[in-house]
Structures are given as structure tokens and as C-alpha cells.
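K.L.:
Can you read through this structure? Questions will come right after.
The values are calculated or read from the model by the stated rules, or taken from the named source; none is laboratory data. Just so we're clear, the structure is a prediction, and the values are computed from it rather than from any experiment. Here the Cβ positions follow ideal geometry from the backbone for every residue, glycine too, while neighbour counts run over all protein chains shown.
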Amino acid sequence: MTQEEYAKALCEFVPEEVSSILTKWIFEYNIHLTISRDRKTKLGDFRINNRDNLLRISVNGGLNPYAFIITLVHEIAHAVVHIKYRYAKPHGIEWKKEYQKLMVEIFARNVFPKDINSALANYMRNPKASSNADKRLYMALRKYDDNKHNVTYLQDLEEGAEFILQNRLFRKGKKRRTRFSCIEIGSNREYTVNALAEVIIP
């Protein structure tokens, strides 16, 4: 597949304005990109095949286009760090710098809506291991998910409200920093649940 053909294929997941630059990086750093089925534990990952030293990146195919861009560039930054530094902390200073450099070129293409652009610019000052760790960016990105109208977050429920999470019934308790103390009804066990957990109202 030529670089032009690859860029066209990538347009299924990202806006055309950024498909060429993303493809350029994928070819330049000889990255093998896999579009994965949605995984609950991660948005994407970067791995090195020890047998042939092939750089592999996977990104969840169900992400909205803006979350897909952010995740893919996040993982490409890992590839750049591996090539330039070989050994460095996974989300250390080297990764932050490379991620910021790559994102400058993405920002220049004016592809993000204003709310995401503002939240992302703030996040990129000191990017964390996961974009989901930034509440403002997470909430901005979720507005553009296909299922956005059906989402209820734990933080939006009143204290004492009952909710279903992972097919188990809970009662919401008091907040502890970014999480809530919740009691599982039936076992009476206490769990701390992320404020941005998506829950179902019974």
C-alpha cells in the first residue's frame, strides 16, 4: 500500500486534515498500526516485537475521531522515544517532549472543535499517561462519542442514589478526591469508584 492509499484508508478513523501527517509518521518510523476492537482497559498501546524489532501500535477502532488522533499520537510518541533514546521511562520527560512536538503539528491543522482544543492545549502542558486522567479533556471528548446521549456519570448522581455498574447494584456514598465511596447492595462491601464512571440508573 502506498503512503497516499494508507492516508485515504486512515480517513475512516480521523479527519482528512490530519491523515497525511499521521501516515507520514507511521511510514517514517516504520510503525505497524492495528485498529483493535474496543478494550475497556486501554485506548491504545505501543509494543516492540523483540524478534524483528518491529514497532507495533494498536488503537481502539471505536474511539471518536478526536480521541483516535490523541491516542495515536500518544503512541507514536512512544515509538519516537524508543528510536531516539532506546531506554527511557514510559511517560517520562522524553516522552512528554516528543508528544508535545508531534501535537504542535496536529494543532496547526485546526482539526479539533473549540472545547476539545482548549482542554487539550491545557492537558498538553504536562501530559499524563492517559488522556482519560484529565477530567476536562475526558468530558470534552465524550461529547463527540456516538453514544453520548445515553451516558450517565457517577458524579451526576445524588448521594444515596442507586446505580448499576458491571451488572452489579451499588449505592453512591461520599466523595473522596476523584472517586466516590460506594456500597455494593447485597454484599454490603465498600468500593471506591471513579467519578467519571459510566453507570446505569435502575
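K.L.:
Any idea which residue in the range 50-108 is nearest to residue 24 (Cα to Cα), counting only those that are under 16 Å from the mean Cα position of the chain (by Cα) and part of a strand (DSSP E or B)?
P.N.:
57
K.L.:
Taking the range 1-42 only, how many residues are in contact with a helix residue (DSSP H, G or I) (Cβ under 8 Å, 6 or more places away or on another chain) and either assigned to a helix (DSSP H, G or I) or of a type outside the set (Val, Ile, Thr) (or both)?
P.N.:
The qualifying residues number 21.
K.L.:
I want to confirm something. Restricting to the range 26-45 and keeping residues that are over 21 Å from residue 4 (Cα atoms) and surrounded by 19 or more Cβ atoms within 10 Å (Cβ to Cβ), which single residue is nearest to the chain's Cα centre (by Cα)?
P.N.:
Of everything passing the filter in the range 26-45, 43 is nearest to the chain's Cα centre (by Cα).
K.L.:
Does the range 134-151 contain any residue that is modelled with pLDDT under 90, of a type in the set (A, V, I, L, M) and under 16 Å from the mean Cα position of the chain (by Cα)?
P.N.:
Within the range 134-151, one or more residues are modelled with pLDDT under 90, of a type in the set (A, V, I, L, M) and under 16 Å from the mean Cα position of the chain (by Cα).
K.L.:
Under 7 Å between Cβ atoms, which residue pairs at least 6 apart in sequence (or on different chains) link something in the range 23-45 that is more than 16 Å from residue 82 (Cβ to Cβ) with a partner that is assigned to a loop (DSSP other than H, G, I, E, B)?
P.N.:
35/13; 35/61; 36/61; 37/61; 38/62; 43/63
K.L.:
Given (1) touching a strand residue (DSSP E or B) at 6+ places or on another chain (Cβ under 9 Å); (2) surrounded by 14 or more Cβ atoms within 10 Å (Cβ to Cβ), identify the lone condition not met by residue 202.
P.N.:
Answer for residue 202: the failing condition is (2).
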